[in-house]
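What follows is one structure encoded as structure tokens, with my remarks underneath.
A short reminder: the numbers here are calculations on the coordinates, not readings from a lab. It should be emphasised that the depicted structure is a prediction, and the values quoted were computed from it without experimental measurement. Using ideal geometry, Cβ is built from the backbone for each residue, glycine included, and neighbour counts are taken over all protein chains shown.
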Ligand code: GDP
Ligand code: GDP
């Protein structure tokens, strides 16, 4: 699912991150051992009038060792390259500055809608201060106040009006995947090796700029794959492309656009904080995940190496216990031929539908093996379950009192469901509801 992307641009201190945080709100992360998921966010989910979108705070992407004007130039360039709609932010408190004019000059080149927001208009009297900003040439400025939460509704109304029309095409049969991982783990080598397979037919597809970087191919069974390259594997050599924040933002976007994530880990270097941050995002987004350990050729191995490496990964990514691990080498091509089948398998599991009758048999068996808990003499009753969606498979389980469903019992039910059906590679979501 591709979401419209909104970028906030402007010189430092106008209030970009304040507005960003207001719009995305506080979403509590369910992955406790991934620090960084909520801290220092520059990319997050936003919603207004039931329209879902993604927001980037370009001010959070600082490009090392670049002078001030260069920084804001690059940040504006990121917005132009990435966004569907740009919010250009200035401040009524400091008034129009040279840096604002500098940003404006870059944004003139954008072939994208630019909405001018004047922040720090904290009271009605200050509304007269916005007129100077007409000089920037972006039409009517929207007065807002991040600290007082004023004017955001009108601004967001305008933002969603500018969203491109999203074609709803039936893409159910396409297998959309992306390779995610830090620079140098071997993503482009893996892509080239995969696409270089004789049995793979790559079809160039004309389309939007976004499609142009995605690669469509068909395997020998005739199954259609789309490799989503929002992760920036085909590098264009821009200054900001090597900054960590930018690559994390790109990775999150690729995760949003894909169904299956190949999380690539470098066997030589092991797992880093950034890997966990990105894997945590994929897990929370409910994507199917395969852990790909690349550069397996570089390790000196004995008969326990693979098992130990696997243990290391399981410890570091506890919440990804459903994700298969594969040890490959883009260099020697070791086990690369296994990847397409593995991608297909987890994609199928991610889309798997279970008939209610079969599901309820599994639930009955589960309750028979391990009776539901009682609290103060009252027993948890499970009435029935039903699958409500796929990608990821999501089940609603109706009970007498959801409060009595302990985490451990819920975990047990999930395991019973996993034992009964193949959900390798995909998260499974259980929603516990009350039924009187
Ligand atoms: P950024 O560098 O553009 O991301 O700006 P920040 O969001 O960090 O804000 C810079 C400063 O402006 C902080 O001290 C904020 O508290 C303050 N600020 C943000 N929004 C408003 C506002 O609407 N009114 C006032 N008076 N101050 C604000
Ligand atoms: P990316 O930045 O993740 O796209 O990584 P690249 O594909 O550009 O690879 C980074 C470096 O690692 C290059 O020098 C590759 O030749 C090397 N490399 C990639 N895969 C392997 C592998 O499986 N084994 C070894 N020894 N080197 C590899």
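I'd like to compare 248-254, 86-92: which one has the highest average count of other Cβ atoms within 10 Å, and what's the full order after that?
On the way: 248-254: 24.1, 86-92: 26.3.
Result, highest mean first: 86-92, 248-254.
From Cα pairs below 8 angstrom and at least 6 apart in sequence, can you work out the relative contact order of the chain, rounded to a whole percent?
Relative contact order for the chain comes out at 12 percent.
Expressed in nm to one decimal, what extension gain is obtained for the pair residue 338 and residue 304 from 0.36 nm per residue of sequence separation less their Cα-Cα distance?
Going from the current span to full extension adds 10.1 nm.
For the stretch 329-436, what is one quarter of the convex hull surface built on the Cα atoms, given in nm²?
Working: hull surface 32.6 nm².
For the stretch 329-436, the mean projected area of the Cα convex hull comes to 8.1 nm².
Work out the FRET efficiency for residue 132 and residue 68 from their Cβ-Cβ distance, taking R0 = 22 Å, and round it to the nearest 0.05.
Once the sixth-power term is evaluated, E becomes 0.50.
Test of understanding: in a Gaussian network model of the chain with alpha carbons linked when under 10 Å, which of 67, 113, 393 would top the mean-square fluctuation ranking?
It is 67.
Viscosity 1.306 mPa s, temperature 10 °C: what is the translational diffusion coefficient of the stretch 338-394 from Stokes-Einstein with a Kirkwood Rh over Cα pairs, rounded to a whole number of µm²/s?
116
Kirkwood Rh over alpha-carbon pairs of the stretch 300-376, then Stokes-Einstein at 37 °C and 0.692 mPa s: what D in µm² s⁻¹, rounded to an integer?
Translational D for this selection: 198 µm²/s.
Quote to one decimal, in nm, the extra length available between residue 406 and residue 358 on full extension: 0.36 nm per residue of separation minus the C-alpha distance between them.
14.9 nm
Please build a GNM for the chain, connecting alpha carbons under 10 Å apart, and tell me which residue among 292, 191, 264 fluctuates the most.
The residue with the greatest mean-square fluctuation here is 191.
With springs connecting C-alpha atoms under 10 Å apart, model the chain as a Gaussian network and identify which of 287, 182, 379 has the largest mean-square fluctuation.
Looking only at 287, 182, 379, the biggest GNM fluctuation is shown by 379.
In bins 10 Å wide, starting from 0, what share of all Cα pairs of the stretch 77-171 does each bin hold, as a percent?
15, 45, 30, 7, 3, 0
Write down the radius of gyration of the stretch 289-331 and its Dmax, each obtained from C-alpha positions, in Å.
Radius of gyration, then largest Cα-Cα span, for the stretch 289-331: 10.7, 30 Å.
Shape of the chain from its Cα gyration tensor (a ≥ b ≥ c, root eigenvalues): rounded if a/c is under 1.5, otherwise prolate when a/b > b/c, or oblate?
oblate
Between residue 236 and residue 160, what's the calculated FRET efficiency when r is the beta-carbon distance and R0 is 30 Å? Round to 0.05. Spell out each step's value before the answer.
Details: r = 29 Å, r/R0 = 0.98.
Taking R0 as 30 Å, the efficiency between residue 236 and residue 160 is 0.55.
Set the Förster radius R0 to 45 Å, insert the Cβ-Cβ distance between residue 98 and residue 216 as r into 1/(1 + (r/R0)^6), and round the FRET efficiency to 0.05. Numbers along the way, then the final one.
Working: r = 46 Å, r/R0 = 1.03.
My answer for the efficiency is 0.45.
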